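Quick notes on the structure that follows.
The values are calculated or read from the model by the stated rules, or taken from the named source; none is laboratory data. Quick caveat: nothing in here was measured; it's all calculated off a predicted structure. No Cβ is skipped: glycine too gets one built from the backbone with ideal geometry, and neighbour counts run over all protein chains shown.
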Amino acid sequence: MNLKKHLDRAEQALEKGQPDFAAELCDQVLDFAPGDERAANLLSQAVLDTAADKSKFLGKISSLPASVAAKFQKLIRNPDGEARSMRRSFMRDAHSVDKGILWADALERAGYAGAALGVYSALAPHSGPAARTAGDLSAAQGNIEDALGHYQSALEINPRDTAAMRSRKNLAAEQALQSKEYSDETASGLDTDAFRRAALGEDS
């Protein structure tokens, strides 16, 4: 399967107002590569854009209620199976941000932090907690600007979100401190990396 080609087609389908087709393509990719961040993000966008008629999804999903299947997979400690079941549960219930958050949480616990970030990022405009978690994951991956943007989104949804407020403040302060340290080093003309190498006994 050419994953990039599938996802390019899914993105085009979204742009053409065909979220059901986009979701089907992304679902196929995620069956093959459950940790694909782009596929998770596009699928989340597609599900949120899907109209009330979800019959095109239901034919592809097991008759066993997806939420029940997810609980069973969690019980037997099958994180990949749980994430897959939660994805199907989200697809069954279009526009359910809560189901999307449960899927993202399952992805993160399964070790797919990138895919989880893709889902949370898509859900961020609709959910303060999703935006805040997207900020946390972005910060953990070193994407400071993205993290600050997600925290800002969380605060726009809920100005009283103290966790997002604290995280944004701490991250902004850290960013400012790093910028100041870099400026001081540049102004001093000192090669701080050379000092580090000398201290470690490394050759210059």
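Would you check if P159 is surrounded by fewer than 18 Cβ atoms within 10 Å (Cβ to Cβ) and under 26 Å from M91 (Cβ atoms)?
Here the answer is no, as P159 does not meet what is asked.
Here is a yes/no grid of residues against (1) in a helix (DSSP H, G or I); (2) of a type in the set (K, R); (3) modelled with pLDDT of 95 or more; (4) more than 21 Å from Q45 (Cα to Cα):
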position	(1), (2), (3), (4)
L117	yes, no, yes, no
A124	yes, no, yes, no
R132	yes, yes, yes, no
G142	no, no, no, yes
L155	yes, no, yes, yes
S167	yes, no, no, yes
A187	yes, no, no, yes
A198	yes, no, no, yes
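Looking only at the range 84-115, filter to residues that are in a loop (DSSP other than H, G, I, E, B) and not hydrophobic (A, V, I, L, M, F, W, C); which one of those is farthest from the chain's Cα centre (by Cα)?
D93
For the range 144-177, give me each residue that is under 17 Å from P125 (Cβ atoms) and of a type in the set (A, V, I, L, M).
A147, L148, A154, L155, I157, A164
Every residue in the range 144-153 that is surrounded by fewer than 18 Cβ atoms within 10 Å (Cβ to Cβ), more than 14 Å from the chain's Cα centre (by Cα) and either part of a loop (DSSP other than H, G, I, E, B) or not hydrophobic (A, V, I, L, M, F, W, C) (or both), please.
Those that are surrounded by fewer than 18 Cβ atoms within 10 Å (Cβ to Cβ), more than 14 Å from the chain's Cα centre (by Cα) and either part of a loop (DSSP other than H, G, I, E, B) or not hydrophobic (A, V, I, L, M, F, W, C) (or both): E145, Q152.
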